[in-house]
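Data first, discussion second: the structure below is written as structure tokens.
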Amino acid sequence: MDNQQAERTHLLIIGSGPAGYTAAIYAARANLKPMLYQGIQPGGQLTITTEVENYPGFPEGIQGPELMIHFEKQAQRMGADLRYGLATKVDFSTQPYKVWIDEEKLIEADAVIIATGASAKWLNIESEQRLNGYGVSACAVCDGFFFRGKEVAIVGAGDTAAEEALYLSKLCSTVHMLIRREEMRASKVMQERVKNTANIKIYWNTETDEILGDKTVEAVRIKNRKSGEMHEIAVKGFFVAIGHNPNSEVFKPFLNMDEAGYILTQPGTAKTNVEGVFAAGDVQDKIYRQAVTAAGSGCMAALDAERYLSEKGL
Ligand SMILES: Cc1cc2nc3c(=O)[nH]c(=O)nc-3n(C[C@H](O)[C@H](O)[C@H](O)COP(=O)(O)OP(=O)(O)OC[C@H]3O[C@@H](n4cnc5c(N)ncnc54)[C@H](O)[C@@H]3O)c2cc1C
């Protein structure tokens, strides 16, 4: 990792989801010649989903991977320098900031935008992977609409699971909520709201044995952890709401984060605690986690970076 290999850029963008590509589009149009590293999932989370119906501008809906190809092409057409590679180490202690790619290549940048997203936690059972996008989802706001008037199951016991169950209860006929323990982790207020919602049925001490269905979800087989009894519930949708991991580990030594690892930004901006380092998208947003909000914050990050660079005369 010697400095002879260092390559210099004004603006380095890390991540190629809606936030990273939007930042690249704005930065390229501002003539900042951004360099963007895509990471191991070029296009980000939407590349593992099917229909996206809530991204404005596509009245008929669009497949997630296709949408992200549009983002990529637009960033490329504006002149962004898109590259394969993973940021594996950073040093934000002095200017220019240093970012190592794939543990060997060194990039030096005047400003950095972090748009590395977050990864949903899964149960890690075979059927969950096989039916992902075909009835299995980790996002009620994204996919609940596809199950209007139908029965669905949701796994999770925290505040997010409670919120998602309540969201689904307004669309679906019955929401079967599967909870591993005898109690929920969600706040008392959220617990009460869930328990008082007539079409949410709670199953305590319950884990998912298997999601059933050939091409799409047809049922879930559950197991009572106390009695060992198995039981099948016919559902069309299966939602996993057991949390997310923000992809922020590599930045931990330098950036302020909350206890879950979400990067903290100054309200109303993309600024982190390090001047010239910005964060956008799901890596700094544990509340909304949508493609359109990620894209919006990518725009904010590019505009903040542009102002920073011109104020510093860089
Ligand atoms: C199955 C599924 C379905 C969804 N459906 C919808 C929907 O219908 N509508 C909607 O609005 N939202 C939906 N979402 C949510 C949406 O995908 C996210 O909110 C959005 O993708 C977040 O964008 P992002 O740019 O912040 O990060 P991500 O899309 O997570 O992209 C992160 C990027 O960072 C890269 N990366 C990570 N670490 C590194 C590193 N160290 N170095 C370099 N690169 C790195 C990854 O390769 C990836 O390119 C869905 C999510 C999932 C999982």
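The values are calculated or read from the model by the stated rules, or taken from the named source; none is laboratory data. This is a predicted model, so every value here is computed, not measured. Cβ atoms come from the backbone with ideal geometry, glycine included; neighbour counts cover every protein chain shown.
Only one of Ala198, Ala260 is of a type outside the set (S, T, N, Q) and within 22 Å of the chain's Cα centre (by Cα); which?
Working: Ala198 fails: within 22 Å of the chain's Cα centre (by Cα).
Selected residue: Ala260, the only one of Ala198, Ala260 that is of a type outside the set (S, T, N, Q) and within 22 Å of the chain's Cα centre (by Cα).
The residue list Ser173, Ser187 contains one member that is farther than 27 Å from Gln45 by Cα and at pLDDT below 95, which is Ser187.
Results for (1) outside the structural domain of Ser127 (by TED's automatic domain parsing); (2) on the phi > 0 side of the Ramachandran plot; (3) in a strand (DSSP E or B); (4) surrounded by 17 or more Cβ atoms within 10 Å (Cβ to Cβ), shown as yes or no for each residue.
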residue: Asp209; (1), (2), (3), (4): no, no, yes, no
residue: Lys215; (1), (2), (3), (4): no, no, no, no
residue: Arg221; (1), (2), (3), (4): no, no, yes, no
residue: Ile233; (1), (2), (3), (4): no, no, yes, yes
residue: Val250; (1), (2), (3), (4): yes, no, no, yes
residue: Phe254; (1), (2), (3), (4): yes, no, no, no
residue: Gly261; (1), (2), (3), (4): yes, yes, no, yes
residue: Gln266; (1), (2), (3), (4): yes, no, no, no
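The rows are residues; the columns are (1) more than 10 Å from the ligand (Cβ to nearest atom); (2) assigned by TED's automatic domain parsing to the domain that holds Phe251; (3) of a type in the set (Val, Ile, Thr); (4) assigned to a helix (DSSP H, G or I).
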site: Ile69; (1), (2), (3), (4): yes, yes, yes, yes
site: Leu82; (1), (2), (3), (4): yes, yes, no, no
site: Thr88; (1), (2), (3), (4): no, yes, yes, no
site: Thr94; (1), (2), (3), (4): yes, yes, yes, no
site: Lys98; (1), (2), (3), (4): yes, yes, no, no
site: Leu106; (1), (2), (3), (4): yes, yes, no, no
site: Ile113; (1), (2), (3), (4): yes, yes, yes, no
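From the list Ile40, Ile69, the lone residue that is in contact (Cβ under 8 Å) with a residue 40 or more places away in the chain and either over 20 Å from Ala302 (Cβ atoms) or touching a strand residue (DSSP E or B) at 6+ places or on another chain (Cβ under 6 Å) (or both) is Ile40. Any chance segment 273-292 includes a residue that's within 16 Å of the ligand (Cβ to nearest atom), within 13 Å of the chain's Cα centre (by Cα) and of a type in the set (S, T, N, Q)? Yes, because at least one residue in segment 273-292 is within 16 Å of the ligand (Cβ to nearest atom), within 13 Å of the chain's Cα centre (by Cα) and of a type in the set (S, T, N, Q). Mind checking whether some residue in segment 132-143 is assigned by TED's automatic domain parsing to the domain that holds Lys223, among the β-branched types (Val, Ile, Thr), at pLDDT 95 or above and closer than 20 Å to Lys223 by Cβ? The answer is yes; a qualifying residue exists.
Does Ala219 qualify as being away from the ligand (no atom under 13 Å from the Cβ), within 27 Å of Tyr203 (Cα to Cα) and aliphatic (A, V, I, L, M)? Before the answer, list the steps.
Working: away from the ligand (no atom under 13 Å from the Cβ): yes; within 27 Å of Tyr203 (Cα to Cα): yes; aliphatic (A, V, I, L, M): yes.
Yes: the conditions hold for Ala219.
Of all residues in segment 1-38, exactly one satisfies the criterion of being near the ligand (Cβ under 9 Å from one of its atoms) and either more than 24 Å from Thr269 (Cβ to Cβ) or surrounded by fewer than 15 Cβ atoms within 10 Å (Cβ to Cβ) (or both), namely Gln38.
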